[in-house]
Amino acid sequence: MSNEGKRNELEKQHNVALLLILWRLPEFITSFVAAAASGSAVVWLEFIESASILIPGVLIAVFSKRLNKNLKYVYNYGTGKVEAITALSCEIFDIAGLFCVVFFSVRTIIKPEPESGYIFLALIISIIGLFIDMLILFLQSKILLGSQSKMFHTAYISARKEFFFDAVAIITLVIELLFEKTTWISYLSPIVCIIIAVPFFMIVLSHMKASISELIDRTLDEESQLKILKVLNEFFDSYEELGDIRTRINGEDQIVDIELKFHETMDYGSIRDIAEKIKVRVQEELGRSTVNILVI
(Lines give C-alpha, C1' and ligand atoms only; values in the text may rest on other atoms or scores of the structure.)
Protein backbone atom coordinates (compact mmCIF):
# COMPACT_ATOMS: atom_id res chain seq x y z
CA MET A 1 0.00 0.00 0.00
CA SER A 2 1.31 3.47 -0.89
CA ASN A 3 2.00 6.12 1.74
CA GLU A 4 -1.08 8.01 0.56
CA GLY A 5 -3.22 4.91 1.02
CA LYS A 6 -1.82 4.38 4.52
CA ARG A 7 -2.51 8.01 5.35
CA ASN A 8 -6.12 7.58 4.26
CA GLU A 9 -6.46 4.45 6.42
CA LEU A 10 -4.95 6.16 9.46
CA GLU A 11 -7.14 9.22 8.94
CA LYS A 12 -10.22 7.00 8.74
CA GLN A 13 -9.20 5.22 11.95
CA HIS A 14 -8.60 8.56 13.67
CA ASN A 15 -12.08 9.77 12.69
CA VAL A 16 -13.70 6.53 13.87
CA ALA A 17 -11.85 6.81 17.19
CA LEU A 18 -13.16 10.35 17.68
CA LEU A 19 -16.70 9.16 16.93
CA LEU A 20 -16.22 6.29 19.36
CA ILE A 21 -15.15 8.72 22.08
CA LEU A 22 -18.15 10.98 21.44
CA TRP A 23 -20.52 8.02 21.50
CA ARG A 24 -19.02 6.41 24.61
CA LEU A 25 -18.57 9.56 26.71
CA PRO A 26 -22.29 9.98 27.65
CA GLU A 27 -22.53 6.30 28.58
CA PHE A 28 -19.26 6.50 30.51
CA ILE A 29 -20.71 9.38 32.54
CA THR A 30 -24.14 7.79 33.07
CA SER A 31 -22.67 4.43 34.10
CA PHE A 32 -20.37 6.16 36.61
CA VAL A 33 -23.26 8.13 38.11
CA ALA A 34 -25.38 4.96 38.24
CA ALA A 35 -22.59 2.98 39.91
CA ALA A 36 -21.86 5.71 42.44
CA ALA A 37 -25.56 6.16 43.20
CA SER A 38 -26.39 2.47 43.66
CA GLY A 39 -23.14 1.04 45.00
CA SER A 40 -24.07 -2.08 43.06
CA ALA A 41 -21.10 -4.21 42.02
CA VAL A 42 -22.74 -5.19 38.74
CA VAL A 43 -23.19 -1.51 37.81
CA TRP A 44 -19.54 -0.86 38.68
CA LEU A 45 -18.69 -3.72 36.33
CA GLU A 46 -20.67 -1.95 33.61
CA PHE A 47 -18.77 1.29 34.30
CA ILE A 48 -15.40 -0.49 34.11
CA GLU A 49 -16.42 -2.11 30.85
CA SER A 50 -17.38 1.29 29.46
CA ALA A 51 -14.05 2.75 30.60
CA SER A 52 -12.19 -0.15 28.97
CA ILE A 53 -13.64 0.93 25.62
CA LEU A 54 -13.43 4.71 26.02
CA ILE A 55 -9.78 4.84 27.15
CA PRO A 56 -8.45 2.73 24.24
CA GLY A 57 -10.55 4.92 21.96
CA VAL A 58 -8.51 7.88 23.19
CA LEU A 59 -5.29 5.90 22.66
CA ILE A 60 -6.16 5.01 19.05
CA ALA A 61 -7.02 8.63 18.31
CA VAL A 62 -3.56 9.67 19.54
CA PHE A 63 -1.68 6.75 17.92
CA SER A 64 -3.32 7.09 14.51
CA LYS A 65 -2.71 10.86 14.45
CA ARG A 66 0.97 10.48 15.36
CA LEU A 67 1.52 7.62 12.90
CA ASN A 68 -0.08 9.67 10.14
CA LYS A 69 2.15 12.63 10.98
CA ASN A 70 5.32 10.50 11.03
CA LEU A 71 4.41 8.14 8.19
CA LYS A 72 7.38 9.09 6.01
CA TYR A 73 9.83 8.37 8.82
CA VAL A 74 10.82 5.11 10.56
CA TYR A 75 7.89 5.09 12.98
CA ASN A 76 5.28 3.64 10.62
CA TYR A 77 4.19 0.34 12.11
CA GLY A 78 1.16 0.02 9.84
CA THR A 79 -2.54 0.18 10.52
CA GLY A 80 -2.60 -3.49 11.51
CA LYS A 81 -0.18 -2.76 14.34
CA VAL A 82 -2.20 0.26 15.48
CA GLU A 83 -5.37 -1.83 15.61
CA ALA A 84 -3.59 -4.64 17.47
CA ILE A 85 -2.18 -2.16 20.03
CA THR A 86 -5.65 -0.72 20.53
CA ALA A 87 -7.22 -4.15 20.97
CA LEU A 88 -4.49 -5.19 23.41
CA SER A 89 -4.96 -1.95 25.40
CA CYS A 90 -8.69 -2.62 25.59
CA GLU A 91 -8.15 -6.17 26.85
CA ILE A 92 -5.59 -5.01 29.46
CA PHE A 93 -8.14 -2.55 30.85
CA ASP A 94 -10.77 -5.30 30.82
CA ILE A 95 -8.51 -7.71 32.71
CA ALA A 96 -7.60 -5.10 35.34
CA GLY A 97 -11.25 -4.10 35.76
CA LEU A 98 -12.44 -7.69 36.05
CA PHE A 99 -9.84 -8.46 38.70
CA CYS A 100 -11.04 -5.47 40.72
CA VAL A 101 -14.71 -6.38 40.39
CA VAL A 102 -14.13 -10.05 41.29
CA PHE A 103 -12.00 -9.05 44.29
CA PHE A 104 -14.64 -6.67 45.67
CA SER A 105 -17.44 -9.12 44.85
CA VAL A 106 -15.78 -11.88 46.84
CA ARG A 107 -15.14 -9.45 49.69
CA THR A 108 -18.82 -8.43 49.66
CA ILE A 109 -19.93 -12.08 49.79
CA ILE A 110 -17.63 -12.70 52.77
CA LYS A 111 -18.63 -9.47 54.49
CA PRO A 112 -21.96 -8.18 53.06
CA GLU A 113 -22.57 -4.45 53.03
CA PRO A 114 -25.98 -2.79 52.56
CA GLU A 115 -26.64 -1.18 49.17
CA SER A 116 -27.09 2.60 49.04
CA GLY A 117 -30.59 4.06 48.89
CA TYR A 118 -30.27 5.27 45.29
CA ILE A 119 -31.07 2.05 43.43
CA PHE A 120 -34.09 3.57 41.67
CA LEU A 121 -31.99 6.51 40.41
CA ALA A 122 -29.34 4.06 39.23
CA LEU A 123 -32.04 2.10 37.39
CA ILE A 124 -33.27 5.20 35.55
CA ILE A 125 -29.74 6.16 34.52
CA SER A 126 -28.99 2.58 33.42
CA ILE A 127 -32.10 2.57 31.24
CA ILE A 128 -30.91 5.81 29.61
CA GLY A 129 -27.55 4.13 29.07
CA LEU A 130 -29.31 1.17 27.42
CA PHE A 131 -30.96 3.48 24.88
CA ILE A 132 -27.55 5.01 24.13
CA ASP A 133 -26.25 1.45 23.68
CA MET A 134 -28.99 0.70 21.18
CA LEU A 135 -28.15 3.82 19.17
CA ILE A 136 -24.43 3.02 19.20
CA LEU A 137 -25.06 -0.59 18.18
CA PHE A 138 -27.20 0.55 15.24
CA LEU A 139 -24.60 3.08 14.05
CA GLN A 140 -21.73 0.63 14.45
CA SER A 141 -23.57 -2.04 12.47
CA LYS A 142 -24.04 0.46 9.61
CA ILE A 143 -20.32 1.34 9.65
CA LEU A 144 -19.33 -2.34 9.72
CA LEU A 145 -21.53 -3.17 6.72
CA GLY A 146 -19.32 -3.94 3.73
CA SER A 147 -16.09 -3.15 5.58
CA GLN A 148 -13.19 -5.46 6.49
CA SER A 149 -11.62 -3.04 8.96
CA LYS A 150 -10.67 -4.58 12.29
CA MET A 151 -11.27 -1.21 13.92
CA PHE A 152 -14.90 -1.19 12.78
CA HIS A 153 -15.32 -4.81 13.84
CA THR A 154 -13.83 -4.13 17.29
CA ALA A 155 -16.14 -1.14 17.77
CA TYR A 156 -19.17 -3.24 16.79
CA ILE A 157 -18.24 -6.08 19.19
CA SER A 158 -17.67 -3.51 21.95
CA ALA A 159 -21.12 -2.04 21.32
CA ARG A 160 -22.67 -5.48 21.65
CA LYS A 161 -20.83 -6.11 24.92
CA GLU A 162 -21.92 -2.78 26.35
CA PHE A 163 -25.55 -3.48 25.44
CA PHE A 164 -25.32 -6.85 27.19
CA PHE A 165 -23.81 -5.42 30.38
CA ASP A 166 -26.37 -2.63 30.57
CA ALA A 167 -29.21 -5.12 30.15
CA VAL A 168 -27.83 -7.38 32.90
CA ALA A 169 -27.33 -4.38 35.20
CA ILE A 170 -30.95 -3.29 34.70
CA ILE A 171 -32.31 -6.78 35.44
CA THR A 172 -30.18 -6.99 38.59
CA LEU A 173 -31.31 -3.56 39.81
CA VAL A 174 -34.98 -4.44 39.23
CA ILE A 175 -34.56 -7.60 41.31
CA GLU A 176 -32.82 -5.58 44.03
CA LEU A 177 -35.74 -3.13 44.10
CA LEU A 178 -38.31 -5.92 44.35
CA PHE A 179 -36.51 -7.74 47.15
CA GLU A 180 -34.69 -4.89 48.90
CA LYS A 181 -36.15 -5.86 52.28
CA THR A 182 -34.75 -9.38 52.19
CA THR A 183 -31.44 -10.39 53.75
CA TRP A 184 -30.14 -12.37 50.77
CA ILE A 185 -30.44 -9.53 48.26
CA SER A 186 -27.02 -8.12 49.23
CA TYR A 187 -25.43 -11.28 47.77
CA LEU A 188 -27.15 -10.96 44.38
CA SER A 189 -25.01 -8.24 42.80
CA PRO A 190 -21.59 -9.77 43.67
CA ILE A 191 -22.71 -13.26 42.60
CA VAL A 192 -23.96 -11.90 39.24
CA CYS A 193 -20.62 -10.10 38.79
CA ILE A 194 -18.65 -13.30 39.31
CA ILE A 195 -20.94 -15.25 36.97
CA ILE A 196 -20.40 -12.63 34.26
CA ALA A 197 -16.68 -12.19 34.93
CA VAL A 198 -15.62 -15.85 34.63
CA PRO A 199 -16.65 -16.42 30.97
CA PHE A 200 -15.63 -12.87 30.11
CA PHE A 201 -12.13 -13.59 31.43
CA MET A 202 -11.90 -16.43 28.89
CA ILE A 203 -13.02 -14.16 26.05
CA VAL A 204 -10.58 -11.41 27.03
CA LEU A 205 -7.64 -13.84 27.30
CA SER A 206 -8.49 -15.24 23.87
CA HIS A 207 -8.54 -11.74 22.37
CA MET A 208 -5.28 -10.85 24.12
CA LYS A 209 -3.61 -13.90 22.59
CA ALA A 210 -4.80 -12.86 19.12
CA SER A 211 -3.61 -9.27 19.63
CA ILE A 212 -0.17 -10.33 20.88
CA SER A 213 0.14 -12.75 17.97
CA GLU A 214 -0.65 -9.90 15.58
CA LEU A 215 2.09 -7.72 17.08
CA ILE A 216 4.68 -10.46 16.62
CA ASP A 217 6.12 -10.93 13.14
CA ARG A 218 5.79 -14.67 12.46
CA THR A 219 7.23 -16.67 9.60
CA LEU A 220 4.94 -18.17 6.99
CA ASP A 221 3.81 -21.74 7.54
CA GLU A 222 5.59 -24.67 5.88
CA GLU A 223 2.98 -25.06 3.14
CA SER A 224 3.36 -21.42 2.07
CA GLN A 225 7.15 -21.68 2.03
CA LEU A 226 6.91 -24.77 -0.16
CA LYS A 227 4.77 -22.75 -2.58
CA ILE A 228 7.52 -20.13 -2.78
CA LEU A 229 10.11 -22.83 -3.55
CA LYS A 230 7.78 -24.25 -6.20
CA VAL A 231 7.65 -20.87 -7.97
CA LEU A 232 11.43 -20.42 -7.75
CA ASN A 233 11.87 -23.87 -9.26
CA GLU A 234 9.71 -22.79 -12.22
CA PHE A 235 12.22 -19.99 -12.94
CA PHE A 236 15.32 -22.02 -12.07
CA ASP A 237 16.98 -21.32 -15.42
CA SER A 238 16.37 -17.57 -15.16
CA TYR A 239 18.73 -16.83 -12.27
CA GLU A 240 22.20 -17.99 -11.29
CA GLU A 241 21.98 -18.30 -7.51
CA LEU A 242 19.34 -18.27 -4.79
CA GLY A 243 20.18 -16.35 -1.63
CA ASP A 244 18.08 -16.08 1.55
CA ILE A 245 14.28 -16.33 1.61
CA ARG A 246 12.87 -14.29 4.49
CA THR A 247 9.15 -14.47 5.24
CA ARG A 248 7.05 -12.87 7.93
CA ILE A 249 3.44 -12.11 8.77
CA ASN A 250 2.78 -8.52 9.81
CA GLY A 251 -0.84 -8.25 10.92
CA GLU A 252 -2.80 -9.60 7.95
CA ASP A 253 0.03 -8.97 5.48
CA GLN A 254 2.34 -11.72 4.26
CA ILE A 255 5.76 -10.31 3.41
CA VAL A 256 8.33 -12.26 1.38
CA ASP A 257 11.90 -11.12 0.63
CA ILE A 258 13.75 -13.27 -1.92
CA GLU A 259 17.44 -12.77 -2.69
CA LEU A 260 18.46 -13.72 -6.24
CA LYS A 261 21.74 -13.48 -8.13
CA PHE A 262 21.34 -13.16 -11.89
CA HIS A 263 23.76 -13.97 -14.70
CA GLU A 264 26.30 -11.20 -15.28
CA THR A 265 25.47 -11.12 -19.00
CA MET A 266 21.82 -10.22 -18.37
CA ASP A 267 20.78 -6.61 -18.90
CA TYR A 268 18.71 -4.61 -16.42
CA GLY A 269 15.51 -4.88 -18.44
CA SER A 270 15.65 -8.69 -18.50
CA ILE A 271 16.35 -8.88 -14.77
CA ARG A 272 13.43 -6.56 -14.02
CA ASP A 273 11.04 -8.60 -16.18
CA ILE A 274 12.01 -11.91 -14.58
CA ALA A 275 11.82 -10.44 -11.07
CA GLU A 276 8.32 -9.10 -11.84
CA LYS A 277 7.18 -12.50 -13.16
CA ILE A 278 8.48 -14.27 -10.05
CA LYS A 279 6.79 -11.70 -7.83
CA VAL A 280 3.43 -12.13 -9.61
CA ARG A 281 3.63 -15.94 -9.44
CA VAL A 282 4.44 -15.93 -5.71
CA GLN A 283 1.50 -13.59 -5.07
CA GLU A 284 -0.76 -15.91 -7.08
CA GLU A 285 0.28 -18.83 -4.89
CA LEU A 286 0.10 -17.05 -1.54
CA GLY A 287 -2.82 -14.71 -2.13
CA ARG A 288 -2.63 -11.30 -0.46
CA SER A 289 1.10 -10.67 0.01
CA THR A 290 3.98 -8.26 -0.52
CA VAL A 291 6.87 -9.81 -2.44
CA ASN A 292 10.28 -8.16 -2.76
CA ILE A 293 12.95 -9.49 -5.13
CA LEU A 294 16.37 -8.43 -3.88
CA VAL A 295 19.16 -8.62 -6.46
CA ILE A 296 22.48 -9.72 -4.93
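The values are calculated or read from the model by the stated rules, or taken from the named source; none is laboratory data. This one's a predicted model, so the numbers in the text were calculated from it and none came from an experiment. Because the Cβ atoms are built from the backbone with ideal geometry, glycine has one as well, and the counts that use them run over all protein chains shown.
Results, tabulated for the structure shown:
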{"quantity": "Which numbered condition VAL102 fails, given (1) modelled with pLDDT of 75 or more; (2) closer than 21 Å to PRO56 by Cα", "calculated": "(2)"}
{"quantity": "Flag if LEU232 is hydrophobic (A, V, I, L, M, F, W, C), surrounded by 13 or more Cβ atoms within 10 Å (Cβ to Cβ) and part of a loop (DSSP other than H, G, I, E, B)", "calculated": "no"}
{"quantity": "Verdict on SER189 being in the same structural domain as VAL102 (by TED's automatic domain parsing), among the polar types (S, T, N, Q) and under 23 Å from TRP44 (Cα atoms)", "calculated": "yes"}
{"quantity": "Every residue from segment 284-296 that is loosely packed, with under 13 Cβ neighbours inside 10 Å and part of a helix (DSSP H, G or I)", "calculated": "GLU284"}
{"quantity": "Filter result for GLU176 (touching a helix residue (DSSP H, G or I) at 6+ places or on another chain (Cβ under 9 Å), outside the structural domain of ASP244 (by TED's automatic domain parsing) and either assigned to a loop (DSSP other than H, G, I, E, B) or modelled with pLDDT under 75 (or both))", "calculated": "no"}
{"quantity": "Qualifying residue in segment 206-220 (condition: without any contact (Cβ under 8 Å) to a residue 12 or more places away in the chain and either closer than 30 Å to VAL43 by Cα or surrounded by 19 or more Cβ atoms within 10 Å (Cβ to Cβ) (or both))", "calculated": "yes"}
{"quantity": "Single residue of segment 244-283 satisfying the filter (within 21 Å of GLU223 (Cα to Cα) and surrounded by fewer than 13 Cβ atoms within 10 Å (Cβ to Cβ)) that is farthest from the chain's Cα centre (by Cα)", "calculated": "ASP244"}
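Residue-wise test of (1) out of contact with any Phe, Trp or Tyr (no Cβ under 8 Å at 6 or more places or on another chain); (2) assigned by TED's automatic domain parsing to the domain that holds ASP166; (3) not acidic (Asp, Glu).
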{"site": "PHE201", "(1), (2), (3)": "yes, yes, yes"}
{"site": "LEU229", "(1), (2), (3)": "yes, no, yes"}
{"site": "GLU240", "(1), (2), (3)": "no, no, no"}
{"site": "ILE245", "(1), (2), (3)": "yes, no, yes"}
{"site": "MET266", "(1), (2), (3)": "yes, no, yes"}
{"site": "GLU276", "(1), (2), (3)": "yes, no, no"}
{"site": "VAL291", "(1), (2), (3)": "yes, no, yes"}
